[in-house]
Each structure stands twice: as C-alpha cells, then as structure tokens.
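Enquirer: Encoded as structure tokens, here's the structure I'll be asking about.
FYI, it's all coordinate maths here, none of it is from the lab. Treat the numbers as computed from the prediction; the structure is a model and nothing was measured. Positions of Cβ are generated from backbone atoms using ideal geometry, with glycine treated the same way; all protein chains shown enter the neighbour counts.
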Amino acid sequence: MFARIATAEDFDLLLEIFNEHSMHVAPELGTNGISWAEDFIQGFPDISPAWILSDTDDSEPFAIGNLNPSANARRFQADISVRPSVDRIPEVISFFRDKALEYGDGWAFWIICNDNDEPYKRALVDQGFKVNRYFNTLRRELHSEAEPEIPAGLSTRLVDLSSDADMRDWHNLRLDAFSKHFGFIPRPFEQFAEIMRRDPVMKISEIHVLYEGETPVGYLWINDEVAHELTGYVANLGVAHAHQGKGYGQYLLAKAIAGYAARGFKFVDLGVDTGNESGALRLYEKMGFKKVTTWVQYED
C-alpha cells in the first residue's frame, strides 16, 4: 500500500472520498464543502498530516485519514474515510493505528463511524476496539422563525478572535460549561487561542457570548460548513453551571434558529452526546430537533 501526505492541491480528492463514504452510510446529511477539507488537511485540535492511501503512487486513491491529535489529552481522534466500493477497511484502520504508535506511543486511540456502517463497525470490533460513546446528529426544519426576545438584563456580543479579552471570556465559559463532559480535557488559554485562531472553520463561524451585566454566562458557536446544502450548524453551545436552568441555552438556540431561517436556510443541525447528563438532549428535542443519524465512537 502506498501512502502520501495530502496538500492543498488535494482538496477536491479529499472531498470526493469523504463525501462518497458519507453519502453511502448517511445520505440524509448531504455533502461537506471546502472548509471541511481545509480543516481536515491540517488536523484538529493539534496540527498533523492527512494521508491519502492507494495501491501504488499512480493508482486511484481509495482512503484518506487524519489522526487529529490532542497532546494535552494524549489522545488521537482518527477521522478516516474509505471508498465504499473498496473492501479495505481493516487494512486502512491498521495503517492509522500504526501511525498513532509512531506519533504518540501510549496515547488513547479513538475513532468514530456511522451506526449504519456495518463493515466499518465489524472491522473495529475484530481489531479489539470497544464502544465508549454514542452521538446523534439532530436536525430542525426551518420555517418562518421569530427572533427570540432576549431576557431582561442580558446582552450578546460577537467574539473578536483578535481580542484576548473576548477569547478569554469564551475560553472561561467552555471550561465551566464542559468541565463535567465526557472526554473534555481543559487547555491553557494560550493554547486554546492559538488553535482557534488558526482553524480554517473559524473563517465561516460566529461565536456569540451572552452577558448578564458584565458577566459572561453562555455562548453559541455556529458555522457555515454545510451552507451549500442550505443547512446551518450549531457547533457548540454552553452555559456556565451557575446560570443553568434560567433559559439561557434555549434563548441562544432560538437565536441560531431564527438567524439561519432569516438567511433562507432549510435546516439547522447539531450533534449531541447521548450520554450527556446536562439536559442538552431534552432542550434540543423541546426546540423541535429530531434525530437524523447516530455515530458510534470506539476506543482502542
């Protein structure tokens, strides 16, 4: 098997293989766009190469992958796609497993696949991987949506990525809101700011921070990764623990819904950890979101 590191010239190829795999197992989600390829090629959160696999250096590539390392968590979150017409999934998983040993011996190795992808799941189980989590993609159909009334005493402000003050408010909210979430490992502010400022997806993102007076109490992160499908995406939503139960999360989500509807989008999507005990799933269902598909996360 021949492997080479992907470059910006491979964006179309990366999208082709990813979308071919994705549309085979979850066609309801539609395709990803160029911002996905930009993000994929550099890795997230820490920088790493993306590989393209083929039989020879001049044959058609059949798989792609990135280990997506997280040095502070000592963990890889592998993102791997294989053409459905090619029966090579076990071999591809083994390749990236070996790469993980080269890059971070002793690190955890996590990998996620769609629950409909039986060959992928079977290959993972055969190689000794165990399920550690289930995630759902939820979707809400958009119609004429009223802009929500902001609760008394609150205001919102867009995060300016060049502002350390804005970034610290966002960073501190993430630390608080997600401190009890599965797999969450906090990063020092300097690392967090550097990662977010270099992330290509931030060019098509908005982060709205909700303030109670001068105190940041919640935030909403939305992006346009699937805008070409007229679908908005809520990448993250968090409320500080001391301010949960006040309706702030519902307001922020309603703000996202109304904003995308005003732009003529047909849907808004988000992901949820089915084991999340914060009540997020109940909120999303209350707001009209319904399950589209399920993802299964495995660990080595």
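Enquirer: Where does the charge balance sit around Ala193 when Lys and Arg score +1, Asp and Glu -1, over other residues with C-beta under 13 Å from its C-beta?
Expert: Net charge in that neighbourhood comes out at -2.
Enquirer: In region 218-300, which trypsin sites (Lys or Arg not before Pro) are in a loop and have at most 13 other Cβ atoms within 10 Å, using DSSP for the loop call?
Expert: The qualifying sites are Arg263.
Enquirer: Okay, moving on. What residues have an amide H closer than 5 Å to that of Asn236, excluding those fewer than 5 places away on the same chain, when H is modeled at 1.01 Å from N in the peptide plane?
Expert: Trp221
Enquirer: Where in the chain are the helices, taken as whole DSSP H runs, whose Cα atoms extend 20 angstrom or more along the long axis and whose Kyte-Doolittle mean reaches at least -0.5?
Expert: Flagged H segments are 11-25, 89-103, 248-262.
Enquirer: Something else: Find the Rg to Rh ratio for the chain, where Rh is the Kirkwood radius over alpha-carbon pairs and Rg uses the same atoms.
Expert: 0.96
Enquirer: Can you give the Rg and Dmax of region 158-300 based on its C-alpha atoms, in angstrom?
Expert: 15.1, 46
Enquirer: Between the DSSP loop rule and a limit of at most 14 other Cβ atoms within 10 Å, which trypsin sites (Lys or Arg not before Pro) in region 1-105 are left?
Expert: Loop-located and lightly packed - Arg74.
Enquirer: Excluding Gly232 itself, calculate the net charge of residues whose Cβ lies under 12 Å from the Cβ of Gly232, where each Lys or Arg counts +1 and each Asp or Glu counts -1.
Expert: Net charge in that neighbourhood comes out at -2.
Enquirer: Once every DSSP H run of n ≥ 4 in the chain is given -39500 (n - 2.57) and the sum is divided by its residues, what mean residue ellipticity at 222 nm do you get, rounded to the nearest 500 deg cm²/dmol?
Expert: Per the formula, -9500 deg cm²/dmol.
Enquirer: Here's something else I'd like to know. Do any GluC sites (Glu not before Pro) in region 190-275 lie in a loop, going by DSSP, with at most 11 other beta-carbon atoms within 10 Å of their beta carbon, and if so which?
Expert: Sparse-neighbourhood loop GluC sites (Glu not before Pro): Glu214.
Enquirer: Which whole-number percentage describes the relative contact order of region 89-238, with Cα contacts under 8 Å and a sequence gap of 6 or more?
Expert: 17 percent
Enquirer: Once you charge only the Cβ atoms, +1 for Lys and Arg and -1 for Asp and Glu, what is the size of the charge dipole of region 141-295 about its Cα centre, to the nearest 20 debye?
Expert: That gives a dipole near 320 debye.
Enquirer: List, in the order given, every pair from Lys203/Lys266; Lys203/Lys290; Lys255/Lys290; Lys266/Lys291 whose Cα-Cα distance in the structure shown is over 20 Å.
Expert: Checking Cα-Cα distances, Lys203/Lys266; Lys203/Lys290 exceed 20 Å.
Enquirer: Under 16 Å Cα-Cα from Lys121, which lysines qualify once same-chain neighbours fewer than 8 residues away are excluded?
Expert: List returned: Lys130.
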